[in-house]
Amino acid sequence: YKKYVLLAYFKKVRSSFQQQELYPMLGDLVFHYNNLIAFKNNHESLRKNFPKELAGVDFDKLELTYKKIVEDDELMNEIGDIINYALPLFKGSLSEGKEIYEFVESNCEVTPVGLLPLYTDEGYFFISHSPSAQTRVYRYQLTFLETSEEKYRGIHTTLIDNLRRGLGDTYESIKMGLTRRFSDMPNPATFLVYSKVKFPYISTLEPVAKRLLIRYISKT
């Protein structure tokens with residue numbers, strides 16, 4: 001039954017990827033795959049480190065032999081079989097999602113709009129794609145998350161406007177309009193994320209654009 005549930009799930013994942021829709025499916029795959037790996041590793045570590053009982057001595061090999069005090073029950077064996085069945089499926093879907101992500105990323109570029117100030121952890125960014133004249137305008141603020149193991153950079157965004165550029169409109173003129181409209185940032189860091197190919201916006205282009213922006217600012 002669980003195998004049928006998994007196959008139905010991966011059919012849904014495949015359908016999303018065929019439409020070049022990455023999220024939320026790609027994030028779900030990473031989350032579930034990491035949990036399965038952690039469960040499997042922790043279970044194997046527990047079995048290895050669990051106390052064992054001396055069963056006898058092999059005088060030919062001069063070795064002590066032990067037997068397990070606790071054996072896996074039927075349920076744990078069944079869970080182990082399901083995990084071993086699921087892991088290759090998750091790995092294959094993750095590989096497919098990664099290929100799509102890299103294709104989207106290769107068709108996007110990040111460029112600053114106007115001169116960049118020294119402070120770039122807060123500002124604006126635009127998302128646009130060919131051949132559309134639409135430009136979505138966001139305000140962003142970088143955030144820092146720290147765990148016991150790693151430090152992460154996140155991004156908080158707010159959609160400000162969805163503009164249609166006319167013949168005389170430029171990204172620089174949009175930036176100037178923002179400085180007049182919001183006086184708290186007189187010289188804001190502003191970036192354009194431009195895609196040469198049209199992708200599903202909410203499920204693909206927007207999340208990839210945010211990741212690209214974080215990486216670009218971090219390098220800058």
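The values are calculated or read from the model by the stated rules, or taken from the named source; none is laboratory data. As the structure is a prediction and not an experimental result, all values here were calculated from the model. Cβ sites come from the backbone with ideal geometry, for glycine too, and all protein chains shown count toward neighbours. These accessible areas exclude ligands, DNA and RNA; they are computed on the full protein's heavy atoms, side chains included. Shrake-Rupley method; radii C 1.70, N 1.55, O 1.52, S 1.80 Å.
Within segment 105-129, the residues that satisfy the criterion of being out of contact with any Ser or Thr (no Cβ under 9 Å at 6 or more places or on another chain) and either hydrophobic (A, V, I, L, M, F, W, C) or without any contact (Cβ under 8 Å) to a residue 40 or more places away in the chain (or both) are 106, 110, 115, 118. Give me the residue from segment 182-201 that is among the small types (Gly, Ala, Ser) and open to solvent by less than 60 Å² (accessible area, probe 1.4 Å) and, out of that set, farthest from residue 139 (Cα to Cα). Among those residues, the one meeting the criterion is 195. Quickly run through segment 1-32 and pick out the residues that are part of a loop (DSSP other than H, G, I, E, B) and either under 20 Å from residue 88 (Cβ atoms) or open to solvent by 40 Å² or more (accessible area, probe 1.4 Å) (or both). Residues satisfying the conditions are 1, 19, 20, 21, 23, 24. Checked against the criteria, residue 123 does not count as part of a loop (DSSP other than H, G, I, E, B) and farther than 30 Å from residue 15 by Cβ. The single residue among 158, 204, 143 that is buried (at least 16 other Cβ atoms within 10 Å of the Cβ) and of a type in the set (Val, Ile, Thr) turns out to be 204. Residues in segment 161-171 that are of a type in the set (Asp, Glu) and either at pLDDT 95 or above or open to solvent by less than 60 Å² (accessible area, probe 1.4 Å) (or both): 161 alone.
Only one of the listed residues (132, 95) is surrounded by fewer than 16 Cβ atoms within 10 Å (Cβ to Cβ), among the small types (Gly, Ala, Ser) and either without any contact (Cβ under 8 Å) to a residue 60 or more places away in the chain or part of a helix (DSSP H, G or I) (or both). That residue is 95. Residue pairs whose Cβ atoms lie under 9 Å apart, separated by 6 or more positions or on different chains, with the first residue in segment 11-31 and of a type in the set (D, E, K, R) and the second loosely packed, with under 12 Cβ neighbours inside 10 Å and in a helix (DSSP H, G or I), are 21/15; 21/202.
Residues to consider are 155, 127, 174; find the one that is modelled with pLDDT of 95 or more, within 20 Å of residue 109 (Cα to Cα) and in contact with a Leu (Cβ under 8 Å, 6 or more places away or on another chain).
On the way: 155 fails: modelled with pLDDT of 95 or more; 174 fails: modelled with pLDDT of 95 or more.
Answer to the selection: 127.
Being β-branched (Val, Ile, Thr) and touching a residue at least 24 places away in the same chain (Cβ under 8 Å) is the filter here, so list the residues in segment 135-147 that pass it. 135, 137 - these are the residues of segment 135-147 that are β-branched (Val, Ile, Thr) and touching a residue at least 24 places away in the same chain (Cβ under 8 Å). Residue check, residue 179 against (1) buried (at least 19 other Cβ atoms within 10 Å of the Cβ); (2) assigned to a helix (DSSP H, G or I), all met but one. Which one? All conditions are met except number (1). Could you say whether any residue in segment 106-124 is within 21 Å of the chain's Cα centre (by Cα), within 29 Å of residue 20 (Cα to Cα) and surrounded by fewer than 16 Cβ atoms within 10 Å (Cβ to Cβ)? Scanning segment 106-124, I find at least one residue that is within 21 Å of the chain's Cα centre (by Cα), within 29 Å of residue 20 (Cα to Cα) and surrounded by fewer than 16 Cβ atoms within 10 Å (Cβ to Cβ), so the answer is yes.
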